[in-house]
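Reading through the structure tokens given below for one structure.
The values are calculated or read from the model by the stated rules, or taken from the named source; none is laboratory data. The structure displayed is predicted, hence computed values, not measured ones. Virtual Cβ from ideal backbone geometry, glycine too; neighbours counted across all protein chains shown.
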Amino acid sequence: MRKNLLLSVLFLISFLSKAQSVKIDTIPFTTTSSLLVFKGQINGVETDFVLDTGAAIGVITAEKANSANIKITGKKNITDSNENVNSMSEAMIETVTIGSFEIKNIKSVVYDMPFLACNNYYLLGANAINKLNWKIDFEKKLLYVSKSTFEYSDEMLEMPINYKNNRHFTTFNIHETEFKNCLVDLGYNDFFEVSEKEPFFKKLKQENQDAIISGSRLTMSLSNMEINKYETLSFDNLMIGNTRFDDLKIEIRANIENKIGLKFFSQLSSIMILNNDNSKYYLKLSNKPISLQMSFDADCFLKNGKLIIVGKNNNSQSSAKELATEEEIKSINGLAATYFIDECDFLLWRIENLKKDSYEIEKLNGQKIIIKKQVLKS
């Protein structure tokens, strides 16, 4: 009797000790700027972090580096998402704090990428992300972080992950064609972006010419903003493990690597687990309809004090067919270029105001055009 009681007490102590050692912090996040943003600290300075598994190391702006007393340690060549190579200052952050977890000696580059500088963000790279395990609840907009792996259920979809230079990669199949080393890039805000150099995607384009929406758009990489051509269509029969997905959006571009973005996970799953300790993701599928809506038929940006068309949909049904790329316009939603203080002011306005269903452009000749969004054919 005493022996059984002693064993029970020892088991209870062991269980309680284990339960106490599994610490999980809960952090709210937002996707207002199209990426996953949450609050953390850099050397004790509160900072908005952008979660980016596609970045090998973090990126901090010069202003934030100065305010957090971060010292420059040297130079580093960085290849951005547009395949541009630039030499940037490298720094060592003494302490990155996420919830109550402190991560020491995190390398970052110092660069004033407009998206980061205008929003005062720190881009949290995979070298820090990989130090913790993560659970993302897309419905509740909550992050859970822990040093311990998160529990998962048998009904969740398992995605094996491998790491190259800290970044996360996976394997998937489309129509029984296997694609290895696909970047899992939570810093990319769309579904899929693939290289036109892949023979499979060339064939996919040829077989679906009537369903393709083509055009040009402004892409914001780490080191620059440039106008790139794209071709977008919907596709079926994507296999991850034993699970099939249909009616997905894919964008085909030149000179890029294959990647899966944030929308893939936020639209297809309600909960996403990143267990870096065992190199696996787990997805609780949402089983909700997938949106195949495109962005606006035309995009505008403030350049050198002028409102300029920086991208447009080229299809015959496009509401932007009377506009030309690089064309200067008079106003957007009734606001002239002089309304905006600078490019940062415009960028922040653009993030907040261009999530509507339509907007109005006025050409220099006074013609007004309502710019809409198209939906891909499924």
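Of all residues in segment 90-114, those satisfying the criterion of being at pLDDT below 95 and outside any strand (DSSP E or B) are Tyr111, Asp112, Met113, Pro114.
Does Lys321 satisfy being assigned to a loop (DSSP other than H, G, I, E, B), among the basic types (Lys, Arg) and outside the structural domain of Gln209 (by TED's automatic domain parsing)? For Lys321, the condition - assigned to a loop (DSSP other than H, G, I, E, B), among the basic types (Lys, Arg) and outside the structural domain of Gln209 (by TED's automatic domain parsing) - is met. Of the strands (runs of 3 or more DSSP E) that lie entirely inside segment 124-170, those containing 2 or more residues that are more than 25 Å from Glu102 (Cα to Cα) and in contact (Cβ under 8 Å) with a residue 12 or more places away in the chain span 157-160.
For segment 224-258, taking the residues that are under 20 Å from the mean Cα position of the chain (by Cα) and not in a strand (DSSP E or B), the one that is modelled with the highest pLDDT is identified as Asn258.
Out of Lys372, Lys306, report the one residue that is touching a helix residue (DSSP H, G or I) at 6+ places or on another chain (Cβ under 7 Å) and of a type in the set (Lys, Arg). Walk me through it before giving the result.
On the way: Lys372 fails: touching a helix residue (DSSP H, G or I) at 6+ places or on another chain (Cβ under 7 Å).
That would be Lys306, the only listed residue that is touching a helix residue (DSSP H, G or I) at 6+ places or on another chain (Cβ under 7 Å) and of a type in the set (Lys, Arg).
What residue, among those in segment 151-166 that are of a type in the set (Ser, Thr, Tyr) and farther than 23 Å from Cys182 by Cα, is surrounded by the most Cβ atoms within 10 Å (Cβ to Cβ)? By that ranking, first place goes to Tyr152. Annotation: of all residues in segment 30-66 being acidic (Asp, Glu) and over 14 Å from the mean Cα position of the chain (by Cα), the one that is modelled with the lowest pLDDT is Glu63. Does segment 288-296 contain any residue that is small (Gly, Ala, Ser), modelled with pLDDT of 95 or more and either buried (at least 16 other Cβ atoms within 10 Å of the Cβ) or under 21 Å from Thr30 (Cα atoms) (or both)? Taking every residue of segment 288-296 in turn, none turns out to be small (Gly, Ala, Ser), modelled with pLDDT of 95 or more and either buried (at least 16 other Cβ atoms within 10 Å of the Cβ) or under 21 Å from Thr30 (Cα atoms) (or both). Residues that are touching a Lys or Arg at 6+ places or on another chain (Cβ under 9 Å) and either hydrophobic (A, V, I, L, M, F, W, C) or within 27 Å of Asp247 (Cα to Cα) (or both) do not occur anywhere in segment 342-353. The set of residues in segment 177-193 that are farther than 17 Å from Ile256 by Cβ and in contact (Cβ under 8 Å) with a residue 12 or more places away in the chain contains only Thr177. When we screen Asn313, Asn353 for residues that are within 27 Å of the chain's Cα centre (by Cα), buried (at least 18 other Cβ atoms within 10 Å of the Cβ) and either at pLDDT below 95 or on the phi > 0 side of the Ramachandran plot (or both), the only hit is Asn313.
Here Lys197 meets the list (1) in a loop (DSSP other than H, G, I, E, B); (2) under 30 Å from Ser286 (Cα atoms) almost entirely, failing just condition (2).
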